[in-house]
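Structure first, commentary second.
The values are calculated or read from the model by the stated rules, or taken from the named source; none is laboratory data. Please read all numbers here as calculations on a predicted model, not as lab measurements. Reconstructed Cβ throughout: ideal geometry from the backbone, glycine too, with neighbour counts over all protein chains shown. Surface accessibility is based on the protein's heavy atoms, side chains included, excluding ligands, DNA and RNA. Shrake-Rupley method; radii C 1.70, N 1.55, O 1.52, S 1.80 Å.
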Amino acid sequence: MKLFTTGCGITPDLARELRDAGMFSVSVSLDTSDEARHDAGRGYPGAYRAALAAIDTFLATEGLHVGISAVLPRATMQRPDDVERFLAFAASLGVHETWLSEVKPTVAPLWDAALVLTDDERRAIVDLQDRWNARVRGEGRGMAANYLGHFEGAETFGCNAGRKMIYVDPFGDVSPCVFTPFSLGNVRETPLADLVAEMVARFPSRTGAS
């Protein structure tokens, strides 16, 4: 089980309780190294400091794999040097990995082609991830970088929604992934295994279909 959190409300006791309940990995949302911009984007004064405090708390909790989840605007993703500077900032916090994703319009009323990366722009971030991780492997230490557009690119695994990943929201609703805004049921009403079985049937892989 992996938790994605803004970090607000995290205490050492809660971090230990989450670990003891089966959480092995946690990603704290942090979209910029600039405090004012992060707070404005989250609509909550103090969100930046809460995120940094949560990172420190999780890192101090034995047995947890701690990362950052960053959703970056297209303007940033179009500049790999800016993305690399953000990765360097994240690494300075001592986390084990950073997950990068771009802003995604996920429902028709919010569709805006100007937000969507071109394939060349996506591949530039793919190349950045490969260079970054090659350097980390060569040095034998450091933070791993993961870009969702690399992981789920057609040249790698493709979309994992409903197959290799599912998303359970804070209210218990289960979706194929965080970017698909519909639910197949709620874990408070239906066993998770049943919901997953239905999801796999609805989202067959190419192997399963053949």
Discussion item. Quick check on the stretch 84-107. Is at least one of its residues under 14 Å from Tyr147 (Cβ atoms) and basic (Lys, Arg)?
Written reply: yes
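Just to be sure before I move on: is Ala21 closer than 24 Å to Gly140 by Cα and not β-branched (Val, Ile, Thr) in the structure I sent? Talk me through it step by step, then tell me what you get.
Details: closer than 24 Å to Gly140 by Cα: no; not β-branched (Val, Ile, Thr): yes.
So Ala21 does not fit the description; no.
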Worksheet entry | Residue count for the stretch 9-24, restricted to those that are touching a residue at least 12 places away in the same chain (Cβ under 8 Å) and either surrounded by 16 or more Cβ atoms within 10 Å (Cβ to Cβ) or assigned to a helix (DSSP H, G or I) (or both) | 7
Fill in: Single condition Ala40 does not satisfy, out of (1) crowded, with 16+ Cβ neighbours inside 10 Å; (2) free of Cβ contacts under 8 Å to residues at least 60 places away in the same chain; (3) aliphatic (A, V, I, L, M)
(1)
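Mind checking which residues of the stretch 84-134 are polar (S, T, N, Q) and in contact with a helix residue (DSSP H, G or I) (Cβ under 9 Å, 6 or more places away or on another chain)?
Going through the stretch 84-134, the residues polar (S, T, N, Q) turn out to be 92, 98, 101, 106, 118, 129, 133.
Hits for the stretch 84-134 are Thr98, Ser101, Gln129.
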Discussion item. Just checking, does the stretch 80-89 include any residue being open to solvent by 50 Å² or more (accessible area, probe 1.4 Å), under 19 Å from the mean Cα position of the chain (by Cα), of a type outside the set (Gly, Ala, Ser) and over 24 Å from Cys177 (Cα atoms)?
Written reply: yes
Item to complete: Specify the residue that is farthest from the chain's Cα centre (by Cα); the eligible residues are those in the stretch 155-210 that are modelled with pLDDT under 75 and of a type in the set (Ser, Thr, Tyr).
Response: Ser210
Discussion item. If I ask for residues that are in contact (Cβ under 8 Å) with a residue 12 or more places away in the chain, more than 16 Å from Glu152 (Cβ to Cβ) and among the small types (Gly, Ala, Ser), which ones from the stretch 87-110 would you list?
Written reply: Ala90, Ala91, Gly94
Discussion item. Can you tell me which of (1) open to solvent by less than 30 Å² (accessible area, probe 1.4 Å); (2) within 26 Å of Leu18 (Cα to Cα) is the one Gly149 doesn't meet?
Written reply: (2)
Item to complete: Using the structure shown, decide if Asp56 is acidic (Asp, Glu), open to solvent by 50 Å² or more (accessible area, probe 1.4 Å), assigned to a helix (DSSP H, G or I) and modelled with pLDDT under 95.
Response: no
